[in-house]
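Have a look at the structure below before the remarks.
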Amino acid sequence: MKPFPISVTRSPSLFAPAQPQPPPPPPPRPPRSRLLAVVHRPNRAALAVVPSRFRRLDGQLRRRRLLVALQNATFSLTEEDHTLANALRFTLNQDPRVIFCGYSIPHPSEARVNVRVQTTGDPAREVLKDACQDLMLMCQHIRGTFNKAVNDFRTKNPPDNHPSEDMDSD
């Protein structure tokens, strides 16, 4: 009996070496500024109940949503902690345009602070800028008052150039 002819063919795709995969892209770099991101989250309750006058024109409805989105914002500040966040919260709460202001630190090991601002009508970004400028003015006033008090003390009480009598000298 004749053996059955067997032909063996190799498929190049089965035995070819695997193609190397390109390396994954590097993770995106954080921005260099201290302000990481501004996340606008509109108040969903305000958007759910839209008065009929805003339903008529699509453009007006978009304007209303944009105004609500600009009034509410969360700012993420990197390389900061309770020191700046509490002072900024205090300054923001003194502003009559602010409805709510609070801050949170997502994790104790991260040097990041999230500041939430809700305003009556002005954009939250402008209100935050004004609060930062007010805080800078307060700090400059405190530094000036302190320096003046130190200089007044030094003029009234000049340093002694001779050792005091009631101190032991070796």
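The values are calculated or read from the model by the stated rules, or taken from the named source; none is laboratory data. What you are looking at is a predicted structure, and each value in this text was computed from that prediction instead of being measured. All Cβ positions, glycine included, derive from the backbone under ideal geometry; neighbour counts span all protein chains shown. Surface accessibility is based on the protein's heavy atoms, side chains included, excluding ligands, DNA and RNA. Shrake-Rupley method; radii C 1.70, N 1.55, O 1.52, S 1.80 Å.
Return yes when T155 is β-branched (V, I, T), modelled with pLDDT under 95 and surrounded by 10 or more Cβ atoms within 10 Å (Cβ to Cβ) and no when it is not. Spell out the reasoning first.
Details: β-branched (V, I, T): yes; modelled with pLDDT under 95: yes; surrounded by 10 or more Cβ atoms within 10 Å (Cβ to Cβ): no.
Judged against the criteria, T155 is not a match.
When you scan region 116-133, do you find a residue that is open to solvent by less than 50 Å² (accessible area, probe 1.4 Å), assigned to a helix (DSSP H, G or I) and within 19 Å of D81 (Cα to Cα), even just one?
Yes, region 116-133 has at least one match.
Which residues, counting only those in region 90-115, are free of Cβ contacts under 8 Å to residues at least 24 places away in the same chain, under 14 Å from A73 (Cβ atoms) and open to solvent by less than 70 Å² (accessible area, probe 1.4 Å)?
C101, G102, Y103, listed by residue number.
Say whether the condition of being under 21 Å from the mean Cα position of the chain (by Cα) and charged (D, E, K, R) is met by at least one residue in region 142-152. Before the answer, list the steps.
First, the residues of region 142-152 that are under 21 Å from the mean Cα position of the chain (by Cα): none.
For region 142-152, residues under 21 Å from the mean Cα position of the chain (by Cα) and charged (D, E, K, R): absent.
In region 101-110, how many are assigned to a loop (DSSP other than H, G, I, E, B) and within 15 Å of N86 (Cβ to Cβ)?
Going through region 101-110, the residues assigned to a loop (DSSP other than H, G, I, E, B) turn out to be 105-110.
Remaining after also requiring within 15 Å of N86 (Cβ to Cβ): 105.
The qualifying residues number 1.
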